[in-house]
Amino acid sequence: MKIGIIGAGKVGCSLGRYLREHGAPVAGYRSKSKESAEEAATFTGTKAFPSLGELVEACDVIFITTPDRAILPVWKDIEKESIQGKIVCHFSGSLSSVVFSGRDRLGVFACSIHPMYAFSDKFTSYQKLNQVLFTMEGDESALAVMKPFFEKMGNSVCVISPEDKVRYHAAAAMASNLMIGLYQMSLTMLEGCGFTKEEAECLIKPLVQNNVDALLKTSPEQALTGPIERNDKETIEKHLTVLNEAETQVYVNLSHELLKIAEKKYPGRDDTAIKAILDEPQNHV
């Protein structure tokens, strides 16, 4: 089985290097940019294919690691080649295998594969891929090959339904990207209190680090601290008097989630007063 990778960005480079280090038969790359394909090939010890047709002809499995918007156009180009019996996979978190329309007619097996991981660097992200869980969905024939393929490298693999891909990806964005937004909102609030950016970062970093460490090592219930955990309605009332509309919306919505966690931590505790504060009309912006 030979694997060809279309797309030489962060995901393509990281995946190719990871597969090569586990002895997988990666043939090489094809990219929109000749230079990026050659760079990825050099990094992974493979080759840069001069044309899409040559990559498709040489490979049994084709990985599409382009940005989401390019997956369908790439598939339309692949359709023009002789691809019967091949496996085609993309690595989008939000798109499903449905994007490979007409594959039954072409005799192609397809699936979507998504590593639940933030690829932050083109040349180093592969180093932690062994810790990553992969999700897959698609044709049974494709899953029968790709699922054990990644499991043999030590990765856990979960099969999901194509209908759940968007909600699954939204959950990933909330845990990853939106947490960055929450961090930035907190920094901005501290800078509004007169702190410099550097001082604000020094103030908030230990809070973020300790909370994340506790959360990952224990559970949301055990890691929970703050006024919600203490059932401190007076502090919550004060907070709500100094927040702007955008901050209030975030504070109220996330506080309702924290209340659910607090209810698990303290069964039977009366949280009526806090719920009433959060549900006051002026808090719904």
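The values are calculated or read from the model by the stated rules, or taken from the named source; none is laboratory data. All figures in this text were calculated on a predicted structure; none of them were measured in a lab. With ideal geometry, Cβ positions are generated from the backbone for all residues, glycine too; neighbour counts draw on all protein chains shown. The area values use the complete protein model at the heavy-atom level, side chains included, leaving out ligands, DNA and RNA. Shrake-Rupley method; radii C 1.70, N 1.55, O 1.52, S 1.80 Å.
Things to note:
- C-alpha long axis of helix 177-192 to longest principal axis of the chain, angle in °: 40
- For the chain, the carbon plus sulfur part of the accessible surface works out to 55%, probe radius 1.4 Å.
- Relative contact order (percent, whole number), segment 104-181, Cα cutoff 8 Å, 6+ residue spacing: 29
- If the chain linking Glu199 and Leu216 were pulled fully straight, counting 0.36 nm for each residue of separation and taking away their Cα-Cα distance, it would gain 3.5 nm.
- Packing-based order for 43-51, 111-119, using average beta carbon neighbours within 10 Å, highest first: 111-119, 43-51
- Entry for mean projected area of the Cα convex hull in nm² (calculated from the structure that is shown) out of [x] 13.7; [y] 14.8; [z] 18.3: [z]
- Once the 1.4 Å probe is applied to the protein heavy atoms, the chain comes out at 55 Å² accessible per residue.
- The H on the amide N of Gly28, modeled in the peptide plane, is under 5 Å from the matching H of Ile5, Lys47, each at least 5 residues off or on a different chain.
- Cα-projected label distance for Arg269 with Glu191, points at 7 Å along beta-carbon direction, nm: 3.5
- Cα-Cα over 27 Å, subset of Lys128/Lys205; Lys233/Lys260; Lys197/Lys275; Lys34/Lys165: Lys197/Lys275; Lys34/Lys165
- Computed from the Cβ-Cβ distance with R0 of 41 Å, the FRET efficiency linking Phe123 to Lys260 stands at 0.50.
- At most 15 other Cβ within 10 Å, DSSP loop - trypsin sites (Lys or Arg not before Pro), segment 98-185: Lys152
- Between Glu280 and Lys2, the simple spin-label model (points 7 angstrom out along Cα→Cβ) gives 7.0 nm.
- Average Cα contact separation per residue, segment 202-285, under 8 Å, 6 or more apart, as relative contact order %: 35
- For segment 78-171, the list of GluC sites (Glu not before Pro) that fall in a loop by DSSP and count at most 11 other C-beta atoms within 10 angstrom is empty.
- Beta-bridge orientation, the chain: approximately 20 percent antiparallel, per DSSP, counting only bridges with both partners inside.
- Using θ = phi - 60° in the Karplus curve 6.51 cos²θ - 1.76 cosθ + 1.60, the 3J(HN,Hα) couplings for segment 41-53 round to 5, 5, 5, 9, x, 10, 10, 9, 7, x, 8, 4, x Hz; x is entered for Gly and Pro.
- Residue order for Thr42, Thr65, Thr225, Thr235 - accessible surface, 1.4 angstrom probe, largest first: Thr42, Thr225, Thr235, Thr65
- The modelled label-to-label distance for the pair Met179/Val250, using points 7 Å beyond Cα in the direction of Cβ, is 1.5 nm.
- Once you reduce segment 1-27 and segment 41-56 to the center of their Cα atoms, the two points are 10 Å from each other.
- Using just its DSSP H runs of length 4 or more, each adding -39500 (n - 2.57), the chain gives a mean residue ellipticity at 222 nm of -16000 deg cm²/dmol after division by all residues.
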